[in-house]
Structure formats: C-alpha cells, structure tokens
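Okay, so here's the structure we're looking at.
The values are calculated or read from the model by the stated rules, or taken from the named source; none is laboratory data. A quick note: this is a predicted structure, and the numbers were derived from the prediction, not measured. A quick note on method: Cβ atoms are made from the backbone with ideal geometry, for glycine too, and the neighbour counts reach across all protein chains shown.
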Amino acid sequence: MISKGTTHDNGGKLARYLVTGKDGERAELWELRGFASPDIVDAFRSIHVIADATQCQQPFFHVQVRCPEGEALSRDQWEYTANRIERMLGLTDQPRAIAFHVQEKNGEQHMHVAWSRIDEETLTAKKLPYYKERLKKLSREIEAHFGLTLVPNERDSSIKYAPTRAEAEQARRLGLDVHEIRQTIRDCYERSDCGRSFEVALADENLLLARGDRRDFIVVDHAGGVHAVGKRILGVAAAEIREHLADLNRDHLLTVEQAQERAGGLSGGREKKEPVWDRDIEERKWQDALARAAIEKEKVECQFVEPQPVAGKQREEPSPFAPPEPKSPPHPQLNKTAPEFWFGDVARETTRDTTPQAAPDHLKGAAADIWLAYNQSHDGRDFAERLAMEGIVLAAATKEEADRSYREASFARAVGNFAPVYREGEIVAITQTEHVYKMSERTTGDDRAAVEKFLARLDRTDLLGIEATKQVVRERAELHEIERQAFRDLSAVGVLDRDNDPRLGRQNVGQETSAQPIIGAAGKAIETLANLAESAIDMIGDMFGAATPMSPERIQAAVEAKEGSAVQAEIDLKRFRSDADYRRQTEGQEGQRIAEQQRNYYERERNERQR
C-alpha cells in the first residue's frame with residue numbers, strides 16, 4: 001500500500017479534483033463529514049473563512065492511498081484505513097471528505113481523503129509532524145492487517161530519490177524513460193574519476209554536459225530534456241560533486257540552449273516532442289468540419305446557392321446631393337399606422353414615461369420601497385428623501401463596524417449560519433424595525449459600480465454609522481409610541497377626539513419625514529410630551545367653551561383627565577429612563593465581555609506563535 005500526503009492552500013481546487021478526478025477516471029464522493037454545507041466546494045471554501053482568523057496558509061491535508069497492482073479492498077476496509085490514518089495524524093473528529101477514483105479501463109480504485117486542519121473551538125491549525133514517516137509506518141501495518149503485498153520503504157534502484165514532478169512530466173512529453181536516463185547519468189558519474197572522463201562518458205551515451213544558471217552542471221539528453229546533476233541523482237552532496245568535477249572550466253561548457261540545439265542535431269529527428277492536446281482547438285476544428293460537411297451536403301442536394309455577381313450591372317452609388325430616402329421607424333409596432341402618422345408615433349414613443357411604477361414581484365415590504373425609490377430618483381439626494389418619506393434612513397458603515405461584520409461572518413459560516421459583511425463607508429438602508437438592507441443588485445437592480453456612481457453626490461459625512469442610526473431609529477420609535485399612548489389615554493376618557501377635531505393638528509402627531517437623523521435626548525422629548533398633554537387639556541376647555549357651555553360633569557372629567565395624564569406621563573418618563581439606563585448598562589457589560597474574550601484569544605494566539 002502506498003500512502004502520500006500533502007497540505008493544500010486551495011480548498012476549491014482540491015474539492016473539484018476530488019469529485020472529478022483525472023482523465024479516464026470516474027470519481028465518487030463517499031463521505032462528507034463535519035462541514036457546514038452539503039456541497040463539497042462550498043464546504044471547503046467555508047474552511048478558508050475560518051482559517052483567516054488563524055493565519056494558517058494551508059488549512060487542508062490531503063492523503064492519497066493506493067493498493068499494490070492487482071489487489072483491492074472493500075469500501076469498509078477503505079474506511080477503516082481512513083480512520084486509522086486520522087487517529088495516527090491526530091485529526092480525529094476533524095471535518096473530512098472521502099472520495100474514490102475508479103479507472104474506467106480496469107476498474108482499479110484508490111482513495112482520497114481530505115481533512116480540515118482548523119480546530120473550530122480553539123481556532124488553531126492542527127500540527128502534522130513527521131507525517132511522511134508516519135504514513136509509511138501505517139501503510140506497512142495496514143498491509144499486514146489485510147494480508148496485502150508488502151511494499152518496501154526503500155527503492156530498488158541505487159537512486160534513492162524519485163524524479164520530481166517536473167522531470168516526470170518532461171519525460172512524458174518527450175516520450176522518454178526518466179528512470180533510465182537518471183540511472184545512466186549515475187553510472188557515468190560512478191565510473192569516472194574526474195570531470196573530463198565524466199563528460200566523455202556522457203557523450204558515449206548521447207548525453208551532453210552543460211552549465212546551468214542556478215545549478216553548476218546540467219545534463220541534456222538526446223531529446224532536449226534537462227537533468228540537474230545533484231544529490232537527487234548522484235546521492236552525494238553538492239560540495240563533493242564540485243570537487244569531483246573540479247578540472248572542468250564551466251566557462252568552456254555549452255549553455256543549456258546551445259546543448260539543446262546540438263542535441264536536436266544529434267538525434268536526427270528521431271525523437272519528437274509529443275504535441276500538447278488542446279480541447280478548445282480540437283472543439284473548434286470539429287465544429288468547422290461539421291459546418292463544411294453540412295454545406296457540401298446542401299450543394300449535393302441543390303439546396304445551397306452561392307451568391308453570384310450580376311453581369312453587366314453595377315451598384316449605383318447614391319449622390320451626395322440627393323435627399324435621404326424616408327425610413328420606417330425602428331419600433332415594429334409603429335409600422336401599423338400610415339406614414340403620415342409616423343412622426344407623431346415616434347414622438348409619443350420617445351417622450352413616453354418609462355419610470356417603473358411597481359417593484360418586481362419577488363420584492364415585498366421595505367425591499368420593494370427601496371427598489372422603487374432608487375429607480376424613481378435621479379441622484380442620491382433624491383433617493384434619500386424618498387426613503388425618508390417611507391420611514392427608511394440611510395447610514396454609512398464605519399471601520400469598526402466593517403471589521404466586526406467580517407469577524408461575525410467568519411464565525412457564522414463556521415457554524416452554518418449567515419451574517420452580512422459591510423465595507424467601510426458602504427451605504428445601507430435601515431427600516432423602522434432596525435432591519436439593514438444593502439444596496440445590492442437585488443434591492444436596486446444595478447451592480448455595485450452603478451450604485452456607487454448613483455450615490456456619488458450624497459454627502460457621506462452627514463450619515464451616521466449603522467449602530468448609531470439604529471439607536472436614532474429606536475429612540476424615534478419609542479418617542480412616537482409614548483406620544484400615541486398619551487393621546488390614546490386622553491381619548492379613552494372622552495377628553496380628546498383626534499379623528500373629528502381639526503384644531504388638534506393631527507398631522508403633527510404622525511411619523512416624521514425628515515431625511516436628517518436629528519433627534520434630541522429621549523428624556524427631554526418625553527418631558528415636552530407631558531407639557532403637550534397639559535396644554536391640550538387647556539385647549540379643549542377653551543374649545544368647548546367657545547362651542548357649548550361646560551357642564552359641571554365635563555369640568556370634573558377634564559380636571560381628572562388632566563391630573564391622570566400628568567401622573568401617567570411622569571410614570572412613563574421614569575419607566576423610560578430606567579429602561580434606557582438598564583439597556584445602556586447591559587450593552588456596556590456585553591461590550592466589555594466581548595472585548596475581554598477577544599483579548600484572551602489574541603493573547604493565546606501570540607503565545608502559541610512564540611512557542
């Protein structure tokens with residue numbers, strides 16, 4: 001059994017590879033455990049969001065496990081192997097994905113397992129010390145457990161280091177055996193006693209010795225492939241190689257480009273590079289071939305007639321002094337009228353009001369109001385005024401709110417929830433229920449660039465932050481509620497009739513429509529409200545006196561209503577002030593608790609990095 005592991009920094013790319021595989025393979029996702037999303041690509045991307053808080057650059061660990069040729073395991077045995085690897089590496093209970101890739105030709109399969117290294121509780125990355133040696137040891141144990149062929153830890157060749165991926169791909173393109181060439185270079189070095197003899201021995205094998213840019217010596221094979229003369233092939237250190245080839249003058253050696261040109265002449269054109277297959281080019285060739293075949297078929301069936309120039313006739317060029325010929329209007333519906341009415345039809349079509357009168361069907365409530373206000377306004381200022389008429393206030397996100405939204409979104413995605421992310425200075429709309437709407441394509445119909453251009457004339461310095469605007473909206477709602485309750489109490493005792501009495505000025509009691517969020521302290525507003533109720537009772541006395549004589553019962557009811565309203569206003573004032581003090585105290589304690597947690601988290605992270 002062969003187990004290879006590596007860390008990954010691109011979760012999306014790794015997820016797509018697990019569910020697609022290579023050419024000639026059929027991929028099957030077997031397990032997806034511990035992630036926030038059932039989609040593997042979205043699940044792996046969510047890990048990157050959590051990893052941003054840990055400063056981990058490679059949050060994934062990927063292991064590929066294969067059996068010896070001709071041997072296979074059942075799915076339960078594969079899962080047992082994945083669990084053993086997980087416990088051995090210290091990744092128990094970490095989110096993981098298991099996929100199988102099956103060869104379509106012979107049905108052989110191998111397993112891919114990908115783990116998240118991020119511990120969501122401590123927000124730290126799991127360490128993987130000596131994972132290559134551990135995978136080798138575990139592979140030998142699994143082979144003995146299932147009775148598989150034992151794979152030796154060491155290579156049979158005298159070269160202990162396998163070729164790099166670049167060397168293997170180069171040999172595949174050139175159609176060469178990379179192991180044979182590496183062994184030939186090793187044999188030439190071992191039977192030589194100096195640099196001259198090494199160069200001659202290579203020449204006998206149709207290999208050229210050249211000087212490299214980053215390496216001291218490079219070997220160029222007969223197909224133009226390059227091989228570094230170093231420890232991976234010769235098994236000795238670079239200092240020993242320099243001492244062995246000290247009699248060679250690197251300035252007298254060929255460069256890599258010169259050696260490749262000479263190697264092409266020596267090969268006599270026998271070795272040619274394998275052309276790189278391009279899917280897009282081949283697809284275009286296939287489409288062109290289909291089009292040509294269709295044209296040839298139509299020609300045979302006499303259905304295709306090529307345009308032929310008319311003999312003896314030439315196209316007459318219009319005179320520059322001739323009046324232009326009348327053209328029909330571009331709109332197809334206008335052609336239904338007579339030509340003498342076309343001008344009027346075009347004029348009406350051009351001046352027709354295209355302002356939308358209703359929002360799309362998928363938008364309701366405040367979202368529909370925002371969409372209509374945006375599409376019926378000519379700039380940002382008009383947009384703000386239209387929103388204010390609907391009780392919606394604009395706000396601009398501060399830097400602290402933007403940073404906090406990013407952290408909250410990261411933690412929300414970690415637990416499978418959603419939280420919005422705001423940019424510094426981003427303009428949002430806040431409703432009376434303190435719901436925040438972003439100026440997105442859904443709520444405006446335009447993309448971000450168009451929205452920013454539309455709101456360019458809006459002075460952002462006049463806008464408060466999101467939390468400050470919410471506080472203003474909250475205080476305004478509480479003030480209106482207290483006002484409505486006071487007038488409701490006056491109406492209940494028969495002293496005040498708001499619906500039938502125009503002298504009370506009911507329009508001044510409704511909702512404010514100012515676009516500027518300017519509201520005084522809530523306590524001062526409530527005191528003013530108490531004075532307003534007292535003045536209203538006095539005004540009612542004058543009003544009744546002017547219309548009908550006041551009876552003793554009415555006078556007594558007015559006095560009692562006045563006293564009850566004053567007492568109730570004082571009670572409401574004390575209750576509101578106590579609630580506001582309690583709310584500020586609670587918010588302060590919650591802010592201190594969050595700040596303390598953040599300080600403890602950053603302190604642990606700094607200590608971890610220092611260790």
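Quick one: how many residues across region 358-417 are under 30 Å from residue 51 (Cα atoms), in contact (Cβ under 8 Å) with a residue 60 or more places away in the chain, among the small types (Gly, Ala, Ser) and surrounded by fewer than 19 Cβ atoms within 10 Å (Cβ to Cβ)?
Within region 358-417, residues that are under 30 Å from residue 51 (Cα atoms), in contact (Cβ under 8 Å) with a residue 60 or more places away in the chain, among the small types (Gly, Ala, Ser) and surrounded by fewer than 19 Cβ atoms within 10 Å (Cβ to Cβ) number 3.
Name the residue that is modelled with the lowest pLDDT, counting only residues in region 13-52 that are in contact with an Asp or Glu (Cβ under 9 Å, 6 or more places away or on another chain), closer than 16 Å to residue 413 by Cβ and in a loop (DSSP other than H, G, I, E, B).
Once the filter is applied, the top-ranked residue is 36.
Criterion first (at positive phi and small (Gly, Ala, Ser)) does residue 380 satisfy it? Spell out the reasoning first.
On the way: at positive phi: no; small (Gly, Ala, Ser): yes.
The answer is no for residue 380.
Would you point out the residue of region 95-121, among those that are part of a strand (DSSP E or B) and small (Gly, Ala, Ser), that is surrounded by the fewest Cβ atoms within 10 Å (Cβ to Cβ)? It would help to see each step written out before you state the result.
The first filter runs over region 95-121 and keeps only residues part of a strand (DSSP E or B), leaving 96-103, 109-116, 118-119.
Now drop any that are not small (Gly, Ala, Ser), which leaves 97, 99, 114, 116.
Numbers: 97: 25, 99: 22, 114: 24, 116: 26.
By that ranking, first place goes to 99.
Taking the stated definitions as given, is residue 461 outside any loop (DSSP other than H, G, I, E, B), over 30 Å from residue 53 (Cα atoms) and not aliphatic (A, V, I, L, M)? Step through it out loud before you land on a result.
On the way: outside any loop (DSSP other than H, G, I, E, B): yes; over 30 Å from residue 53 (Cα atoms): yes; not aliphatic (A, V, I, L, M): yes.
In short, yes.
Can you run down the residue pairs with Cβ atoms below 6 Å, 6 or more apart or on separate chains, where the first is in region 457-470 and not assigned by TED's automatic domain parsing to the domain that holds residue 374 and the partner is basic (Lys, Arg) and part of a helix (DSSP H, G or I)?
So the pair list comes out empty.
Out of (1) touching a residue at least 24 places away in the same chain (Cβ under 8 Å); (2) under 29 Å from residue 53 (Cα atoms), what's the single condition that is false for residue 121?
Of everything listed in (1) touching a residue at least 24 places away in the same chain (Cβ under 8 Å); (2) under 29 Å from residue 53 (Cα atoms), residue 121 misses just condition (1).
Could you please let me know if residue 174 is over 47 Å from the mean Cα position of the chain (by Cα) and of a type in the set (A, V, I, L, M)? Can you show your working first?
On the way: over 47 Å from the mean Cα position of the chain (by Cα): no; of a type in the set (A, V, I, L, M): yes.
Here the answer is no, as residue 174 does not meet what is asked.
Is there any pair with a first residue in region 1-22 that is of a type in the set (S, T, N, Q) and a second that is surrounded by fewer than 18 Cβ atoms within 10 Å (Cβ to Cβ) and in a loop (DSSP other than H, G, I, E, B) whose Cβ atoms are under 6 Å apart and which are 6 or more apart or on different chains, and what are they?
Short answer, once both residue conditions are applied: 7/58.
Scan region 50-64 residue by residue and report those that are surrounded by fewer than 17 Cβ atoms within 10 Å (Cβ to Cβ) and either in contact with a helix residue (DSSP H, G or I) (Cβ under 9 Å, 6 or more places away or on another chain) or within 25 Å of residue 605 (Cα to Cα) (or both).
Going residue by residue through region 50-64, those that are surrounded by fewer than 17 Cβ atoms within 10 Å (Cβ to Cβ) are 52, 55, 57-58, 64.
Matches in region 50-64: 52, 55, 57, 58.
From the list 156, 177, 187, 204, which one is under 30 Å from residue 77 (Cβ atoms) and modelled with pLDDT under 90? Spell out how you get there, then give the answer.
Details: 177 fails: under 30 Å from residue 77 (Cβ atoms); 187 fails: under 30 Å from residue 77 (Cβ atoms); 204 fails: under 30 Å from residue 77 (Cβ atoms).
Criteria check complete, one pass: 156.
Within region 72-94, is there a residue that is closer than 17 Å to residue 25 by Cβ, hydrophobic (A, V, I, L, M, F, W, C), part of a strand (DSSP E or B) and touching a residue at least 12 places away in the same chain (Cβ under 8 Å)?
No; the residues of region 72-94 include none that is closer than 17 Å to residue 25 by Cβ, hydrophobic (A, V, I, L, M, F, W, C), part of a strand (DSSP E or B) and touching a residue at least 12 places away in the same chain (Cβ under 8 Å).
Filter region 418-443 for residues that are surrounded by fewer than 15 Cβ atoms within 10 Å (Cβ to Cβ) and aromatic (Phe, Trp, Tyr) and give the result.
Correct list: 418 only.
So the check is Cβ under 6 Å with 6+ separation or different chains; which pairs have a first residue in region 577-603 that's part of a helix (DSSP H, G or I) and a second one that's modelled with pLDDT under 70?
577/523
Output the number of residues of region 122-142 satisfying the condition of being in a helix (DSSP H, G or I) and not polar (S, T, N, Q).
Pass one, region 122-142, residues in a helix (DSSP H, G or I): 131-142.
Applying the additional criterion that residues be not polar (S, T, N, Q) yields 131-138, 140-142.
Residues that pass the stated criteria total 11.
When you check residue 67 against the structure, is it touching a residue at least 12 places away in the same chain (Cβ under 8 Å), within 21 Å of residue 407 (Cβ to Cβ) and surrounded by 19 or more Cβ atoms within 10 Å (Cβ to Cβ), yes or no? If you could, list the steps in order and put the result at the bottom.
Details: touching a residue at least 12 places away in the same chain (Cβ under 8 Å): yes; within 21 Å of residue 407 (Cβ to Cβ): no; surrounded by 19 or more Cβ atoms within 10 Å (Cβ to Cβ): yes.
No, not satisfied.
This table checks each residue for (1) touching a strand residue (DSSP E or B) at 6+ places or on another chain (Cβ under 7 Å); (2) under 15 Å from residue 60 (Cβ atoms).
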site	(1), (2)
4	yes, yes
9	no, yes
24	yes, no
27	yes, no
30	yes, no
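Is it true that residue 203 is more than 42 Å from the chain's Cα centre (by Cα), without any contact (Cβ under 8 Å) to a residue 60 or more places away in the chain and either assigned by TED's automatic domain parsing to the domain that holds residue 88 or buried (at least 17 other Cβ atoms within 10 Å of the Cβ) (or both)?
Details: more than 42 Å from the chain's Cα centre (by Cα): yes; without any contact (Cβ under 8 Å) to a residue 60 or more places away in the chain: yes; either assigned by TED's automatic domain parsing to the domain that holds residue 88 or buried (at least 17 other Cβ atoms within 10 Å of the Cβ) (or both): no.
When the stated conditions are applied, residue 203 does not pass them.
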